[in-house]
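The values are calculated or read from the model by the stated rules, or taken from the named source; none is laboratory data. Nothing here was measured: the structure is a model prediction, and the numbers come from that model. Backbone-built Cβ (ideal geometry, glycine too); neighbour counts: all protein chains shown.
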Amino acid sequence: LGQTFVIENKPGANAAIGTDSVAKAAPDGYTFGTVIAAHSVNPTLNPKLPYDTMKDFTYVSLTSVAPLILIAHPSVPASNMKELIALAKAKPGTLNFASSGIGSAAHLTMEMLKSREGINLQHIPYKGTAGALQDLVGGQISVMFDVIGPLMSQVTPGNAKAIAVTAKDRVPAATNVATMTEQGVPDFVSGTWSMIIAPAGTPKEIVDRISLEAKKALSDPDLKKKLDDQGIVAMGSTPDEARAFVTEQIALWKKVIVEANIKLPE
């Protein structure tokens with residue numbers, strides 16, 4: 001674009017703090033935001049959100065999706081989904097699972113699996129992936145979902161074993177790991193994602209231009225390979241497609257959150 005971009009990180013409240021700053025910015029085409037899967041979880045998980053997820057934003061482009069991988073400590077006597085589900089049913093509540101936090105994609109994906117398969121595992125939430133992965137490798141955690149890149153770094157040397165990926169098809173970063181569907185858990189697709197948003201009312205011609213340029217950048221072969229190597233799929237979408245995707249994700253995770261009665265800590 002030939003423009004200078006100033007990146008301002010505003011973490012906290014499951015990404016709601018940074019997102020709120022976008023909602024309240026002037027819709028002049030000079031402020032954009034990036035959001036992840038938490039954006040579609042927060043409307044259900046946090047009734048006190050300071051913004052309306054659908055009304056207060058212009059959706060620009062879905063930039064990437066990142067399926068998750070399920071790994072287990074080597075001592076867990078299961079090496080595929082059939083064995084893991086059988087183990088969980090035989091010993092309900094004895095297996096535990098870690099996540100990067102309550103309401104994270106890792107947490108909700110396991111809750112979706114528990115609901116679909118009628119199994120019971122104990123949730124141990126962490127503040128981020130690093131601590132959770134460290135304790136799985138150490139043997140305190142039985143299994144966990146998370147993005148492929150960091151988890152495969154422990155699978156490759158044998159510190160953990162890969163069970164399944166939550167993608168529709170196998171992914172380049174974990175070609176030897178079968179999908180959930182391949183292992184008898186049909187249509188089980190999950191993960192996190194990233195998207196460009198803008199304040200509601202941002203001029204359409206600016207939104208369309210950013211959307212077009214994002215798609216162009218994401219089609220670059222070198223960038224696509226870098227993302228592939230991390231287990232991330234480059235996307236690029238129209239504004240209408242981005243909005244439809246968020247609507248679909250909100251509905252998907254609302255069902256999981258309500259059924260599992262998940263609440264944020266006070």
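Side notes on the structure shown:
- Output for segment 1-20, where each listed residue is surrounded by fewer than 16 Cβ atoms within 10 Å (Cβ to Cβ) and either among the charged types (D, E, K, R) or more than 19 Å from Lys263 (Cα to Cα) (or both): Leu1, Gly2, Gln3, Thr4, Phe5, Val6, Ile7, Glu8, Asn9, Lys10, Pro11
- Test: residue in segment 249-262 that is over 21 Å from the mean Cα position of the chain (by Cα) and either exposed (fewer than 14 other Cβ atoms within 10 Å of the Cβ) or in the same structural domain as Val22 (by TED's automatic domain parsing) (or both): no
- Some residue of segment 134-144 being part of a loop (DSSP other than H, G, I, E, B), of a type in the set (Val, Ile, Thr), surrounded by fewer than 16 Cβ atoms within 10 Å (Cβ to Cβ) and not assigned by TED's automatic domain parsing to the domain that holds Met235: no
- The condition of being in contact with an Asp or Glu (Cβ under 9 Å, 6 or more places away or on another chain), modelled with pLDDT under 95 and among the basic types (Lys, Arg) holds for Lys10.
- Candidates Lys114, Lys48, filtered to the one that is surrounded by 17 or more Cβ atoms within 10 Å (Cβ to Cβ), among the basic types (Lys, Arg) and over 30 Å from Gly236 (Cα atoms): Lys114
- Ala98 being touching a Pro at 6+ places or on another chain (Cβ under 9 Å) and within 19 Å of Gln122 (Cα to Cα): yes
- Restricting attention to segment 131-153, the residues being of a type in the set (Gly, Ala, Ser) and modelled with pLDDT under 95 number 2.
- Candidates Ala98, Ala167, Ala106 - the one that is assigned to a loop (DSSP other than H, G, I, E, B) and surrounded by 24 or more Cβ atoms within 10 Å (Cβ to Cβ): Ala167
- Residue match in segment 190-205 (condition: assigned to a helix (DSSP H, G or I) and assigned by TED's automatic domain parsing to the domain that holds Asp28): yes
- Ala174 meets the stated requirement of being surrounded by 14 or more Cβ atoms within 10 Å (Cβ to Cβ) and assigned by TED's automatic domain parsing to the domain that holds Gly103.
- Within segment 216-262, the set of residues being touching a residue at least 40 places away in the same chain (Cβ under 8 Å) and not in a helix (DSSP H, G or I) comprises Gln230, Gly231, Ile232, Val233, Ala234, Met235, Gly236, Ser237, Thr238, Ile262.
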